[in-house]
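One structure is given below, encoded as structure tokens.
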Amino acid sequence: MIDSKIMETTKSILKEFGNTYFSDKGTLKRNKVIEDLDAYTPMLMKALLANQLIHDEQEQ
């Protein structure tokens with residue numbers, strides 16, 4: 001599967017949180033990401049929106 005530029009960027013940001021959003025096998029914990037986005041978790045929202053690509057995409 002080929003990831004889009006925004007997904008690659010998102011994964012890169014999520015890796016900064018250690019094993020919070022990735023399993024020990026390196027797979028993305030999509031449910032955890034969705035839960036934290038739904039809860040507007042400040043640390044996650046701040047990290048994502050600090051990225052120019054993601055910030056610009058959310059404005060469209």
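The values are calculated or read from the model by the stated rules, or taken from the named source; none is laboratory data. In this text the structure is predicted, and so the values were computed from the model without any measurement. Because the Cβ atoms are built from the backbone with ideal geometry, glycine has one as well, and the counts that use them run over all protein chains shown. What goes into the accessible areas is simple: the full protein's heavy atoms, side chains included, and nothing from ligands, DNA or RNA. Shrake-Rupley method; radii C 1.70, N 1.55, O 1.52, S 1.80 Å.
Some points to look at:
- In a fully extended conformation the segment linking Thr20 and Lys46 would gain 7.8 nm over its present Cα-Cα distance, using 0.36 nm per residue.
- Taking other residues whose beta carbon is less than 11 angstrom from the beta carbon of Gly26, and scoring Lys, Arg as +1 and Asp, Glu as -1, yields +3.
- Of the accessible area of the chain, computed with a 1.4 Å probe over protein heavy atoms only, carbon and sulfur atoms account for 53 percent.
- Solvent exposure of the chain, expressed per residue, is 76 Å² of accessible area, with all protein chains present and a 1.4 angstrom probe.
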